[in-house]
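Everything below concerns the one structure shown next.
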Amino acid sequence: MKTNNKYIGAHVSATGGVENAVRNAHAIGAKAFALFTRNQRQWKSAPLPQKSIDLFQELMVEFGFKPEHILPHDSYLINMGNPDKEMRQKSIDAFIDEMSRCEQLGLKLLNFHPGSHLKAIDEEGCLQLIADGVNQALSVTHGVKAVLENTAGQGTNLGFRFEHLAYIIDRIEDKSRIGVCIDTAHTLAAGYEIRTAESYQAMWSKFDRIIGYSYLSGMHLNDSKKELGTRVDRHDSVGKGTMGMELFHLVMNDPHLDNIPIILETPDESLWAQEIAQLYSFIK
């Protein structure tokens, strides 16, 4: 008998209002989704209109989405590891705004990339700044978990090693409000082989030893245009990149990934409904 404990979706558009993200997710047969709660290319955005907040929550109920299966993504401008004090504070302020928006919408998670050292500070110093920024944001917000995403390690981005994420988590004051999202394309690009049953299990064993399954709060399920260890972040559609299909079968039958949002960030949105249906068909 197939289980219904997998919550698959995609990072859908919220153009025209956050409530449209709920409609767009429902239209592709998603049980989970990601969205930007504000324009991710701008530092400041207008507050969420109350009408949008109310509609968002009504549609969530109407279409059967639960807050714990929604994984909003923060703006790519944010870098809480920036050694420039002014830019760092700008990032922390923007992150607090994003946490507050999630709070307003009744959501539980906010996904973010840890940060970049910009060749202006050492890795440890940068990771400490990130942890300080997260602590600052958590101290003035409520009920929303900050979810660290592992990165491909492109440029000066940190978070490509599990040890980076563990270092940040170790320095977070409220451990109940910090989590991790594993992106499959980033994992491969960062140098962790995951394409066979054996290497997949080895990666998760390492994850559990260094970070711990208790922190796993979401997943980005992507194929990769780039090979193992290239440190280049390029997503591909399911089965069209370098991953092969075994990984996707493994994910869909892994009980550790039950009841968390599993989000496609694959590049061809016209395939999302098909990809979601295909993934569900892999459940044994």
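The values are calculated or read from the model by the stated rules, or taken from the named source; none is laboratory data. Nothing here was measured: the structure is a model prediction, and the numbers come from that model. Because the Cβ atoms are built from the backbone with ideal geometry, glycine has one as well, and the counts that use them run over all protein chains shown. Just so you know, the surface numbers come from the protein's heavy atoms only, side chains and all, with ligands and any DNA or RNA stripped out. Shrake-Rupley method; radii C 1.70, N 1.55, O 1.52, S 1.80 Å.
Structural remarks
- Within region 79-225, percent of DSSP bridges classed antiparallel, to nearest 5: 15
- Between region 259-284 and region 129-156, the Cα center-to-center distance that results, in Å: 27
- Debye, to nearest 20: dipole size of region 91-133, +1 on Lys, Arg Cβ, -1 on Asp, Glu Cβ: 200
- As a length-normalised measure over Cα pairs under 8 Å and 6 or more apart, the relative contact order of region 45-260 settles at 16 percent.
- When the chain is reduced to its Cα atoms, the Kirkwood hydrodynamic radius in Å: 18.9
- Members of Lys51/Lys240; Lys206/Lys284; Lys206/Lys240 lying beyond 29 Å, as alpha-carbon distances in this model show: Lys51/Lys240
- Within the chain, percent of DSSP bridges classed antiparallel, to nearest 5: 15
- Converting phi to 3J(HN,Hα) with the Karplus coefficients 6.51, -1.76 and 1.60 and the offset θ = phi - 60°, region 61-68 yields 5, 4, 9, x, 8, 10, x, 6 Hz in sequence order, with x at every glycine or proline.
- Only helices enter the 222 nm calculation for the chain: every DSSP H run of n ≥ 4 contributes -39,500 (n - 2.57), and dividing by all residues gives -11500 deg cm²/dmol, rounded to 500.
- Dipole moment magnitude, nearest 20 debye, region 52-204 about Cα centre, only Lys, Arg, Asp, Glu C-beta charged: 100
- Pairs exceeding a 18 Å alpha-carbon distance, out of Lys6/Lys225; Lys66/Lys145; Lys31/Lys108: Lys6/Lys225.
- For region 45-260, the solvent-accessible area with a 1.4 angstrom probe is 41 square angstrom per residue.
- Sequence ranges 265-271, 153-159, ranked by mean other-Cβ count within 10 angstrom, highest first: 153-159, 265-271
- Residues of type lysines that Lys44 reaches as a straight line, Cα spacing below 20 Å, ignoring anything fewer than 8 places off in the same chain: Lys85, Lys90
- Carbon and sulfur %, accessible surface of region 97-152 computed with the full protein complex present, 1.4 Å: 49
- Loop-located trypsin sites (Lys or Arg not before Pro) in region 66-163 (DSSP state other than H, G, I, E, B) with a sparse environment of at most 10 neighbouring Cβ atoms within 10 Å: Lys119.
- Our summary gives region 15-144 a relative contact order of 26 percent, counting only alpha carbon pairs under 8 angstrom and 6 or more residues apart.
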